[in-house]
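S.K.: Can you keep this structure in mind? I'll have questions shortly.
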Amino acid sequence: MTQAETAALAPHLPVVATTIDDVRRRLETLAGDVAGAATDARPRVALVPTMGALHEGHLALVDRAAELADIVVVSVFVNPLQFTDPADLERYPRDLDADLATLAGHGADLVFAPDVTEIYPRGDTATRVTAGKVGGLFEGRSRPGHFDGVLTVVAKLLNIVGPQFVLFGEKDAQQVFLVRRMIADLNLPVAVEEVETVRDDDGLALSSRNRFLDARERRAAVTLPHVLEAAVSASDRGIDAVLAAAQSAAMGEQLVAMDYLAVVHPDTFLPVDDDYTGPARAIVAARVGDTRLIDNAPLYLGR
């Protein structure tokens with residue numbers, strides 16, 4: 001086999017940039033390459049923000065990004081602003097080489113993997129995007145300031161990369177809602193693409209935190225999708241039936257400590273009224289052993 005044939009069979013590997021100047025230079029080069037090979041005026045760029053520890057759920061975002069855009073950028077950055085527990089930040093998995101290997105062949109052109117000092121050169125930034133009332137509910141109640149940190153780093157990444165599309169997973173429903181609202185409120189020229197949650201065969205949503213579960217905890221973790229299945233199955237009988245069915249499905253598993261269970265309106269992410277009928281989303285969070293997991297599912301209340 002010739003060298004050219006070997007190269008043609010090799011998986012597509014993304015270029016890595018670690019500084020803001022470098023990622024912008026490389027984007028200009030990639031844009032020039034795309035423009036030189038096509039008649040379209042401006043190449044489309046898609047950004048997939050991640051904290052690394054990539055799995056099939058992340059790859060679904062990258063694959064969708066490659067369908068939408070000419071250039072796909074994946075950011076790998078463990079953002080300290082969105083952690084309220086220093087121990088949780090410290091133990092969050094970091095393995096850039098493994099992430100690059102995972103991305104091979106999935107259409108990512110550029111990986112932006114900055115150090116914390118590159119994103120926050122003066123330490124904790126004094127200027128932050130605030131998530132408002134919804135940012136203090138559910139995940140925000142359990143993790144105060146979390147969504148301010150998320151929105152701040154997403155705003156920075158959007159300004160650094162300048163994409164036309166930014167992609168998030170449906171599993172992080174509250175995060176997606178708040179990012180959409182930030183983009184609308186600040187008139188940012190980017191479209192949010194939400195990709196359906198990727199699940200294991202038993203229904204558990206893929207998460208970088210699943211690796212912290214031992215065998216017993218992993219079996220217990222399927223309580224979360226079971227709770228959502230129960231909620232959806234009762235949705236034609238109204239909100240009280242949904243919550244009762246979901247709470248019943250959560251009972252009996254000693255390794256699972258429920259944090260919250262709610263049904264929210266898709267337009268406000270606030271709990272629906274007792275007499276509400278229409279589209280909604282059931283959201284759940286629980287601690288399984290020492291690991292905190294979240295999940296959600298769309299449903300329609302009423303017949």
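S.K.: If I ask for residues that are in a loop (DSSP other than H, G, I, E, B) and touching a Pro at 6+ places or on another chain (Cβ under 8 Å), which ones from region 96-111 would you list?
M.R.: Initially, region 96-111 is screened for residues in a loop (DSSP other than H, G, I, E, B), giving 104-109.
Selection gives Ala104, Gly105, Ala108, Asp109.
S.K.: Which of the residues spanning region 149-179 are surrounded by fewer than 16 Cβ atoms within 10 Å (Cβ to Cβ) and part of a helix (DSSP H, G or I)? Let's see the steps before the verdict.
M.R.: Of region 149-179, the ones surrounded by fewer than 16 Cβ atoms within 10 Å (Cβ to Cβ) are 159, 162.
Correct list: Asn159 only.
S.K.: Further, regarding this structure: Looking at region 239-288, which of its residues are farther than 22 Å from Glu196 by Cβ and in contact with a Phe, Trp or Tyr (Cβ under 6 Å, 6 or more places away or on another chain)?
M.R.: If the condition is that a residue be farther than 22 Å from Glu196 by Cβ and in contact with a Phe, Trp or Tyr (Cβ under 6 Å, 6 or more places away or on another chain), then Tyr260 is the only one that fits.
S.K.: Then there is this: Take the residues in region 41-88 that are among the small types (Gly, Ala, Ser) and assigned to a helix (DSSP H, G or I), then tell me which one is surrounded by the fewest Cβ atoms within 10 Å (Cβ to Cβ). Steps first, answer last, please.
M.R.: Of region 41-88, the ones among the small types (Gly, Ala, Ser) are 41, 46, 52-53, 57, 60, 65-66, 69, 75, 87.
This time we only want the ones that are assigned to a helix (DSSP H, G or I), so: 57, 60, 65-66, 87.
On the way: Gly57: 20, Ala60: 20, Ala65: 28, Ala66: 18, Ala87: 9.
By that ranking, first place goes to Ala87.
S.K.: Looking at region 101-110 only, could you name the residues that are in contact (Cβ under 8 Å) with a residue 12 or more places away in the chain, open to solvent by 40 Å² or more (accessible area, probe 1.4 Å) and not hydroxyl-bearing (Ser, Thr, Tyr)? Let's see the steps before the verdict.
M.R.: We begin by selecting, within region 101-110, every residue in contact (Cβ under 8 Å) with a residue 12 or more places away in the chain; these are 102-110.
Narrowing further to those that are open to solvent by 40 Å² or more (accessible area, probe 1.4 Å): 102, 105-106.
Across region 101-110, the qualifying residues are Gly105, His106.
S.K.: I've got another one for you. For Arg218, state whether it is open to solvent by less than 60 Å² (accessible area, probe 1.4 Å), of a type in the set (Lys, Arg) and more than 24 Å from Gly140 (Cα to Cα).
M.R.: On the way: open to solvent by less than 60 Å² (accessible area, probe 1.4 Å): yes; of a type in the set (Lys, Arg): yes; more than 24 Å from Gly140 (Cα to Cα): yes.
Yes, satisfied.
S.K.: What pairs can you find where one residue is in region 112-134 and within 16 Å of Ile160 (Cβ to Cβ) and part of a loop (DSSP other than H, G, I, E, B), the other is among the aromatic types (Phe, Trp, Tyr) and open to solvent by less than 50 Å² (accessible area, probe 1.4 Å), and their Cβ atoms are less than 8 Å apart, with a gap of 6+ or different chains?
M.R.: From region 112-134, the pairs are Ala113/Phe77; Pro114/Phe77.
The values are calculated or read from the model by the stated rules, or taken from the named source; none is laboratory data. Note that the structure is predicted; figures quoted are calculated from it, not measured. Note that each Cβ is placed from the backbone with ideal geometry, even for glycine, and that neighbours are counted across all protein chains shown. These area figures cover heavy atoms from the full protein model, side chains too; ligands, DNA and RNA do not enter into them. Shrake-Rupley method; radii C 1.70, N 1.55, O 1.52, S 1.80 Å.
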